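Read through the structure below, which is laid out as structure tokens, and then see the notes.
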């Protein structure tokens, strides 16, 4: 039985994706922000799939200390129950903020949750993905287009704009996928960025206020159900031979921003290693 790890798996796209995978017989490990949300999500899945193999871990992934803590728990569980393998890591967790806020480590919250959390968790779980020659999937967005990395003020502290911060974090998602492919695709690991499109979820209503909350409340009404983009994650994992594309929407490869270059991907990767205090290693896989 293949194991899939999904962050932000208690609602919206993450929950819909978890349901799709358990329905196809995968072992699903979900990560959610609170115990209440995790319990509720697990109950919903088991009500439709009583035999599903589903477990949730609780962590506030905005804080790198929490990413490290839950990674410790995941490593023990995966070693004991999943043959030490992860077939797919779906970095779906994300958030929106209305104003400049920082994490306990001092990082802008959208950058921390939407990018650094995935960067750190992938780093910790990479050996288990390596064992399965697995896949890493980021939840990206079409909004990654039309934006450039603010290298001189990566946290956007000066003249903060919440939409700019969100767009930059989504550009980070696809740059991270590109960097992973440059480093590890020859070892059998493949990374992707998925554009879910406009989806009717509460992402823009969580810990926001004012204009951001109002605009999203109106805009999400025109979005599709989370089950629609969930199909793309399943599609990328169900292919026996890993698809060669990078950016996908509705199960099809799509064009992405010209800012997605090897230079930008490597620059972000190096910066993220410094911010997280880690160093990815070279993988050697015997094929």
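The values are calculated or read from the model by the stated rules, or taken from the named source; none is laboratory data. Model, not experiment: these values are computed from the prediction. When we count neighbours, we look across all protein chains shown, and the Cβ atoms used for this are built from the backbone with ideal geometry, even at glycine.
When residues in segment 92-106 are screened for being crowded, with 21+ Cβ neighbours inside 10 Å and at pLDDT 95 or above, 2 of them pass.
When residue 89 is tested against (1) within 22 Å of residue 267 (Cβ to Cβ); (2) at pLDDT 95 or above; (3) touching a helix residue (DSSP H, G or I) at 6+ places or on another chain (Cβ under 6 Å), only condition (1) is not met. Of everything listed in (1) in contact (Cβ under 8 Å) with a residue 60 or more places away in the chain; (2) surrounded by fewer than 18 Cβ atoms within 10 Å (Cβ to Cβ); (3) in contact with a strand residue (DSSP E or B) (Cβ under 8 Å, 6 or more places away or on another chain), the single unmet condition for residue 31 is (2). Sub-9 Å Cβ pairs linking a first residue in segment 269-283 that is touching a residue at least 24 places away in the same chain (Cβ under 8 Å) and at negative phi to a second residue that is assigned to a helix (DSSP H, G or I) and surrounded by fewer than 11 Cβ atoms within 10 Å (Cβ to Cβ), at least 6 apart or interchain, are 271/151, ordered by first then second residue. Here residue 25 clears all of (1) in contact with a strand residue (DSSP E or B) (Cβ under 8 Å, 6 or more places away or on another chain); (2) assigned to a loop (DSSP other than H, G, I, E, B); (3) at pLDDT 95 or above; (4) farther than 17 Å from residue 122 by Cβ except the condition numbered (1). Mind checking whether some residue in segment 231-243 is in contact with a helix residue (DSSP H, G or I) (Cβ under 8 Å, 6 or more places away or on another chain), at pLDDT 95 or above and farther than 21 Å from residue 181 by Cβ? The answer is yes; a qualifying residue exists. Of all residues in segment 78-92, those that are in contact (Cβ under 8 Å) with a residue 24 or more places away in the chain have Cβ atoms under 6 Å from Cβ atoms of residues that are assigned to a loop (DSSP other than H, G, I, E, B), 6 or more apart or on another chain, in 86/134; 87/2; 87/134; 88/134; 92/8. Filtering segment 245-260 to residues that are in a loop (DSSP other than H, G, I, E, B) and touching a residue at least 24 places away in the same chain (Cβ under 8 Å) leaves 245, 246, 250, 254, 256, 257, 259, 260. Restricting segment 101-131 to residues that are touching a residue at least 60 places away in the same chain (Cβ under 8 Å), in a helix (DSSP H, G or I) and out of contact with any strand residue (DSSP E or B) (no Cβ under 8 Å at 6 or more places or on another chain), the residue that is farthest from residue 82 (Cα to Cα) is 111. The lone criterion from (1) under 15 Å from residue 269 (Cβ atoms); (2) in a helix (DSSP H, G or I) left unmet by residue 138 is number (2). Within segment 70-90, one or more residues are under 30 Å from residue 153 (Cα atoms) and either assigned to a strand (DSSP E or B) or over 18 Å from the mean Cα position of the chain (by Cα) (or both).
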